[in-house]
Amino acid sequence: MKKIFKIFLCIILCVIVFGTFIFLWKKSRPVIKKYEIVEASVDNLEKRIVVTGKISPRNEILIKPQMSGIIVEICKKAGDKVSVGDLIAKIKVIPDMVNLNSAESRVTLARLAFEQSKRDFDRDTKLYDEKVISKEDFDKTRLKYENDKEELNTAKDNLSLVRDGITSKSSKISNTLVRSTINGTILDIPVKAGNSVIQSNNFNDGTTIATVADMNDMLFVGRMDETDVGKLQPGMHMDITIGAVEDQKLTAALEYIAPKGTEENGVTMFELKAALKIPPSVFVRAGYSANAEILLNQLYKVLTLPEGCIEFSGDTSYVYVLKTKEPQTFEKKPVTVGLSDGIKIEIKSGLQEKEMVRGTEIVEKK
């Protein structure tokens with residue numbers, strides 16, 4: 001029994017030693033790397049950049065009141081289309097008590113003067129008819145009567161303006177009626193009936209009653225960093241993709257590149273604006289997020305390689321040209337590269353069409 005046990009231990013020891021020897025032998029052998037083989041081919045290249053931004057109306061007008069007061073009625077709602085002169089809201093004027101008192105006093109004085117002038121005019125009319133007074137004296141009385149009459153009407157209109165913000169002569173163009181100044185669509189009405197509003201003046205922008213814009217004239221507004229902005233020129237074609245509008249790609253023409261950049265998180269950004277061409281069948285809302293694709297350069301039928309095949313060292317670029325397949329051996333060769341689209345790169349010189357070069361390493365799955 002002891003003899004059998006000893007033989008078993010010897011066998012196990014021999015297996016362990018033999019296995020260790022084989023493991024160390026395999027570990028000591030050099031690892032043979034294998035690479036994908038890529039063929040240089042003729043292809044077309046496009047250099048494009050993507051700019052993120054949003055859709056905005058070209059002209060977005062803020063409608064403000066010309067008189068302070070309280071809104072008594074909102075005649076439109078957001079989304080309504082309006083024309084020049086369409087009524088949007090009505091304002092009730094809250095008069096200043098000092099001005100109101102002064103206007104009422106002016107009416108009282110004007111009425112007293114007019115009543116006296118009227119009595120004089122009626123009396124002188126009878127005397128003139130009886131040829132008691134001369135025409136010159138009668139004309140003076142009549143002129144004073146007419147002046148006092150006009151002064152009374154003016155005082156009444158002034159009182160009406162102070163108290164109500166409207167006169168009988170200007171009821172259709174009163175400052176208490178807020179009207180649209182352009183043709184377009186109402187984007188927003190930030191106030192409600194009962195809100196107090198302030199007129200636009202030299203010291204205050206005034207309360208915005210409504211925002212109106214022409215939705216048929218839209219712009220793509222985006223921002224681009226300084227590395228690519230120098231490659232752009234007004235008039236360049238842009239392909240616009242709007243996330244909210246599925247399966248629809250719009251076009252635009254670059255109109256504006258900001259002459260001055262603004263710094264954001266350490267990067268200088270420049271604003272871009274492009275006129276959007278919207279088909280009649282597509283409805284685009286203001287504020288949609290969008291991406292613009294701009295074609296910077298395009299080459300036809302040039303020698304190309306995947307960019308991963310190029311090794312860069314300083315200002316020089318290299319490729320490894322295949323010499324033998326089994327085992328794989330390569331020759332390092334300098335090349336001159338050109339335009340890249342991020343996937344493929346142009347080979348200007350140093351390589352011929354259909355030459356085989358080293359690609360990415362093949363990693364075997366364990």
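Mind listing whichever residues of region 211-269 are among the polar types (S, T, N, Q) and under 21 Å from PRO280 (Cα atoms)?
ASN216, THR241, GLN248, THR251
Tell me the residue from GLY235, GLY222 that is more than 18 Å from the chain's Cα centre (by Cα) and closer than 21 Å to ASN297 by Cα, please.
Exactly one residue qualifies, and that residue is GLY235.
Can you tell me which residue is farthest from LYS231 (Cα to Cα) among those in region 309-366 that are small (Gly, Ala, Ser) and in contact (Cβ under 8 Å) with a residue 12 or more places away in the chain?
The qualifying residue farthest from LYS231 (Cα to Cα) is GLY359.
Of all the residues that make up region 228-248, how many are closer than 16 Å to PRO279 by Cα and either touching a Leu at 6+ places or on another chain (Cβ under 9 Å) or surrounded by 13 or more Cβ atoms within 10 Å (Cβ to Cβ) (or both)?
The number of residues fulfilling the criteria is 7.
Right, LYS231: in contact with a strand residue (DSSP E or B) (Cβ under 9 Å, 6 or more places away or on another chain) and more than 30 Å from LEU62 (Cα to Cα) or not?
Judged against the criteria, LYS231 is a match.
Considering only region 298-312, state which residues are open to solvent by less than 80 Å² (accessible area, probe 1.4 Å) and out of contact with any Ser or Thr (no Cβ under 9 Å at 6 or more places or on another chain).
GLN298, LEU299, VAL302
Anything in region 313-338 that is exposed (fewer than 10 other Cβ atoms within 10 Å of the Cβ), within 47 Å of the chain's Cα centre (by Cα) and part of a strand (DSSP E or B)? List them, or say none.
Hit for region 313-338 is SER313, nothing else.
Please note which strands (runs of 3 or more DSSP E) are completely contained in region 35-145 and include at least 3 residues that are open to solvent by less than 40 Å² (accessible area, probe 1.4 Å).
Here the list reads 41-57, 87-92.
In this structure, does ASP225 turn out to be at pLDDT below 90 and open to solvent by 80 Å² or more (accessible area, probe 1.4 Å)?
It is false that ASP225 is at pLDDT below 90 and open to solvent by 80 Å² or more (accessible area, probe 1.4 Å).
At pLDDT below 85, exposed (fewer than 14 other Cβ atoms within 10 Å of the Cβ) and more than 21 Å from LEU45 (Cβ to Cβ) - does that describe any residue in region 289-297?
No, that holds for no residue.
Evaluate the following for ASP341: is it open to solvent by 70 Å² or more (accessible area, probe 1.4 Å) and either of a type in the set (Asp, Glu) or under 30 Å from GLU255 (Cβ atoms) (or both)?
no
Looking at region 161-217, which of the residues that are open to solvent by 70 Å² or more (accessible area, probe 1.4 Å), of a type in the set (D, E, K, R) and at pLDDT 85 or above is nearest to VAL72 (Cα to Cα)?
Result: LYS192.
Can you name every residue in region 138-155 that is touching a helix residue (DSSP H, G or I) at 6+ places or on another chain (Cβ under 7 Å) and either among the aliphatic types (A, V, I, L, M) or modelled with pLDDT of 80 or more (or both)?
Once the filter is applied, which keeps residues that are touching a helix residue (DSSP H, G or I) at 6+ places or on another chain (Cβ under 7 Å) and either among the aliphatic types (A, V, I, L, M) or modelled with pLDDT of 80 or more (or both), region 138-155 yields THR141, ARG142, LYS144, TYR145, ASP148, LYS149, GLU151, LEU152, ALA155.
The values are calculated or read from the model by the stated rules, or taken from the named source; none is laboratory data. Quantities reported herein were computed from a predicted structural model and do not represent experimental measurements. Ideal geometry is used to build each Cβ from the backbone, glycine not excepted, and the neighbour counts take in all protein chains shown. For accessibility, only protein heavy atoms count, side chains too; no ligands or nucleic acids. Shrake-Rupley method; radii C 1.70, N 1.55, O 1.52, S 1.80 Å.
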